[in-house]
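Report on one structure; see the data block that follows.
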Amino acid sequence: MKILGIDLGTSNMLACDEKGKIFLNEPSVIAFSKKKGEIIALGNRAREMIGKTHEDIEAIHPVKNGAITDQKVFESIVKKILKMKYRGLLSRPKICITTHSGTTNVEKRALYEAAINAGVKEVYFIQETLASAIGAGFSVSEAKGVLLVNIGGGTTDISIISLGGVVVGDTLKTAGKSLDEAIMMHMRQKYSMVIGENTAEEIKNKIGIAHPDEEKLSLEVKGRKIVDGSPVSATVSSEDVYEAILEPLKNIAAKIKEIIERTPPELISDILEEGVILTGGVSLMKGIHKFISESLNMKVKKIENPVTCVIEGIGFIFNSKDLLNEICEKMP
Ligand SMILES: Nc1ncnc2c1ncn2[C@@H]1O[C@H](COP(=O)(O)OP(=O)(O)O)[C@@H](O)[C@H]1O
Ligand SMILES: [Mg+2]
């Protein structure tokens, strides 16, 4: 069977083939030629091109706050991904793509139509949290409850999973990018300095801590003075980051708590026993497990592959006999 898995995130896009082999793992950016009306490059190559080529080429971030904004752009991405794997298309392949708790049927329909236009035969949908639980090594078909929290670039997805489905779940727009914005705000307030989004992300990822017990580091960053726009640099510390991101982190913890409160009582004991399973790029931040654990007064599990677990979960499904039909939703 020809089938590809696609995890199109706000920050990163990944794809795997029918054997589960990952052949794409790059930033979610595309370079689009307005004149040609098509994608010139995607991922790292697109990022390198932007700003260095002529005006005709624009950078597009196809996913905003976890949602694919433009059907045509999605169609071109699928086309490009199909081309990466299959040269001559004899028979049309299938694809499996991820959704969130908040993805509507109208949105799914739009994705389906775009994929069909790109040359796909059938589309399978899987909730991202479900795929990440599988990729993290949990067996989700049992009647056992698992609490999965995926903190990505644009969204935090929280799901209670049991019997191959999401029992209770919600999507929050507070995630990696919100932390970057909080750092930018902090730099304005404390250092009267404007920094770019990429600088804020670099600060977060290099020296960010989510718990005061973690080792403190510092980083010299460049920006502009608020008053006159002149260049300036400052030394930022891990404590700065902690102070800046504490509020958004508290929002995430509060949402997890709310989901736990909505969990059917028969699943609560499983969840307390297993703890929170934390995935997504932000789970790489030092101290985040401890922060969430202390906020909720429960165990938090660290997994080995927090960034690739979604696509690995899809690969696992492809390699299992019945899982695709059991837990994915098929269109048409
Ligand atoms: N070491 C790190 N510390 C904190 N955040 C990180 C780290 N590494 C990556 N991230 C953040 O993780 C997010 C991307 O996570 P990912 O799960 O790939 O997101 P998505 O699935 O939404 O594309 C980005 O906001 C990125 O800055
Ligand atoms: Mg993701």
Test of understanding: among Glu243, Glu247, Glu215, Glu201, which residue is of a type in the set (Asp, Glu), modelled with pLDDT of 95 or more and touching a strand residue (DSSP E or B) at 6+ places or on another chain (Cβ under 8 Å)?
Glu215
Scanning the range 292-311 for residues that are more than 11 Å from ligand 2 (Cβ to nearest atom) and either part of a loop (DSSP other than H, G, I, E, B) or buried (at least 23 other Cβ atoms within 10 Å of the Cβ) (or both) gives Ile292, Asn297, Met298, Lys299, Ile303, Glu304, Asn305
Mind checking which residues of the range 43-64 are in contact with a Lys or Arg (Cβ under 9 Å, 6 or more places away or on another chain) and surrounded by fewer than 16 Cβ atoms within 10 Å (Cβ to Cβ)?
Glu55, Asp56, Glu58, Ala59
Counting only strands (runs of 3 or more DSSP E) wholly inside the range 208-291, the ones holding at least 1 residues that are basic (Lys, Arg) are 218-225
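Which residue, of Ile77, Ile39, Ile95, Ile68, is in contact (Cβ under 8 Å) with a residue 40 or more places away in the chain, farther than 17 Å from Pro27 by Cβ, crowded, with 18+ Cβ neighbours inside 10 Å and among the β-branched types (Val, Ile, Thr)?
Unique residue meeting the criteria: Ile95.
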Just give me the residues in the range 259-291 being hydroxyl-bearing (Ser, Thr, Tyr), under 22 Å from Thr10 (Cβ atoms) and out of contact with any Leu (no Cβ under 8 Å at 6 or more places or on another chain), in sequence order.
Ser283
Single unsatisfied condition, Leu147 versus (1) away from ligand 1 (no atom under 16 Å from the Cβ); (2) touching a residue at least 40 places away in the same chain (Cβ under 8 Å); (3) in a loop (DSSP other than H, G, I, E, B); (4) assigned by TED's automatic domain parsing to the domain that holds Lys286
(3)
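The values are calculated or read from the model by the stated rules, or taken from the named source; none is laboratory data. Remember, predicted model here, so these are calculated numbers, not experimental data. We place every Cβ from the backbone using ideal geometry, glycine too, and count neighbours over all the protein chains shown.
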